[in-house]
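Just below is one structure, and these are the notes that go with it.
The values are calculated or read from the model by the stated rules, or taken from the named source; none is laboratory data. The structure displayed is predicted, hence computed values, not measured ones. Positions of Cβ are backbone-derived with ideal geometry, glycine not excepted, and every protein chain shown enters the neighbour counts.
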Amino acid sequence: MISVIARRTFLAAAAVLALAAASASARDRAPIVAAAANLQFALTEIAESFTAATGSRVRLSFGSTGNLSRQIREGAPFELFLAADDAVPLALHRDGFTRDGGRVYALGRIVLVAPNGSPLDPAEGLEGVRALLDAGGITRFAIANPDHAPFGIAAREALQAQGLWDDLQPVLVLGENVSQAAQFALSGNAEGGIIAYSLALAPEVARRGTYALIPEEWHQPLRHRMALLKGAGAVAQAFYAYMNEPAAREIMARYGFVLPEGA
C-alpha cells in the first residue's frame with residue numbers, strides 16, 4: 001500500500017509535470033498572423049529572422065485583405081493583422097476587433113508583368129497593353145479581384161486612368177488575391193497582368209517573367225496598416241514591434257516596399 005507521504009509526493013510531482021507540459025504546450029502554440037498576399041515572401045523572411053532573434057515563432061496565414069478581414073469578423077483566431085490597405089484595419093478597430101488603430105508599416109507599388117515569351121513588353125507600359133489589345137494579341141490579362149483585394153483596386157484604378165478598364169473586361173482574369181493573380185499572369189496562359197511589386201521582386205517570381213513599375217499617381221496610395229487583434233499575446237506583440245526593427249525594415253525595403261517616415 002502506498003503511504004500517505006508517498007501518495008502526496010506522487011501527486012505533487014504529477015502536478016509539476018502537468019504544469020510543465022501545459023507551459024510547453026503554450027510555447028508551442030505560435031500565434032497566427034494574418035497577412036496580405038503581397039507579403040508572402042517578405043514576411044516569411046521576417047518571421048524567420050524574428051525566430052532567430054527571439055526564439056519565438058509565428059504562423060503566417062496569407063490571403064486578400066478583404067477576405068482576411070471577413071475571417072476576423074467571423075472569429076478566426078488571428079492575433080495580428082497586416083493589411084495591404086489603410087481602411088480595413090481602421091474599420092475593424094471601429095467595430096471593436098483590434099486593440100487600437102495600429103500603424104502604417106509600408107506603402108506598396110504595382111507593376112505590369114508578362115511571362116517569358118509573351119508578346120507583351122512591360123517596358124512599353126500600359127500603352128503597350130493598349131496596342132497589343134487593339135491588335136487582338138491579348139487573350140487573358142490577370143489582376144487581383146478588386147472586390148476584396150487592395151492590389152486589385154489599384155490595378156483597376158490604373159487601368160481606368162489609362163482608359164483600358166472597359167476594353168479589357170472580355171479578357172480579364174481575376175485572382176482571389178494578388179499572389180494568385182501573379183500565378184495567373186505568369187502561367188504562360190496569359191499575356192500578362194498587374195501584380196504587387198513585392199511579388200515581382202521575389203526570385204521565385206522574377207525568373208518567370210519581366211515587369212515594369214506603374215506610375216503611382218495612376219492609383220490611390222497603397223498604405224499598408226497593421227493592428228493587433230483583441231486578446232493578442234506576448235509573442236504577437238513582440239512580432240508587431242519587430243516589424244519596426246532594422247532587420248525587418250531591411251527585408252521590407254529589399255522587396256520594394258516604401259517605408260513611411262518615422263515608422
Exercise for the section: Taking ARG73 as the residue in question, decide whether it is touching an Asp or Glu at 6+ places or on another chain (Cβ under 9 Å), surrounded by fewer than 16 Cβ atoms within 10 Å (Cβ to Cβ) and more than 25 Å from GLY188 (Cβ to Cβ). Expected result: yes
Problem - Contacts under 6 angstrom Cβ, first residue in region 207-222 being surrounded by 15 or more Cβ atoms within 10 Å (Cβ to Cβ), partner in a helix (DSSP H, G or I) and of a type in the set (Asp, Glu), 6 or more apart - result: HIS219/GLU157
Problem - Sole exception among (1) over 30 Å from LEU164 (Cβ atoms); (2) in a loop (DSSP other than H, G, I, E, B) for ALA238, by number - result: (2)
Handout entry: Any hit, region 7-30, residues being within 30 Å of TRP218 (Cα to Cα), in contact with a helix residue (DSSP H, G or I) (Cβ under 9 Å, 6 or more places away or on another chain), modelled with pLDDT of 95 or more and not in a helix (DSSP H, G or I)
Key = no
Problem - Top-ranked residue of region 104-159 - restricted to ones that are under 24 Å from TYR255 (Cα atoms), out of contact with any Phe, Trp or Tyr (no Cβ under 9 Å at 6 or more places or on another chain) and of a type in the set (Val, Ile, Thr), ranked as surrounded by the most Cβ atoms within 10 Å (Cβ to Cβ) - result: ILE153
Exercise for the section: Return yes or no: is GLY231 at pLDDT below 95 and either under 14 Å from TYR105 (Cβ atoms) or acidic (Asp, Glu) (or both)? Expected result: no
Exercise for the section: Answer yes or no as to whether GLY256 is at pLDDT below 95, of a type outside the set (A, V, I, L, M) and either over 30 Å from ALA76 (Cβ atoms) or surrounded by 14 or more Cβ atoms within 10 Å (Cβ to Cβ) (or both). Expected result: no
Exercise for the section: Report the residue count in region 185-235 for those that are assigned to a helix (DSSP H, G or I), of a type in the set (Val, Ile, Thr) and farther than 10 Å from PRO115 by Cα. Expected result: 1
Fill in the blank from the handout: Among helices (runs of 4 or more DSSP H) entirely inside region 80-171, those with 1 or more residues being within 30 Å of ALA238 (Cβ to Cβ) are 87-94, 150-161
Practice task
Could you list, in sequence order, all residues of region 184-241 that are over 28 Å from ILE72 (Cβ atoms) and basic (Lys, Arg)?
Solution key: ARG207, ARG208
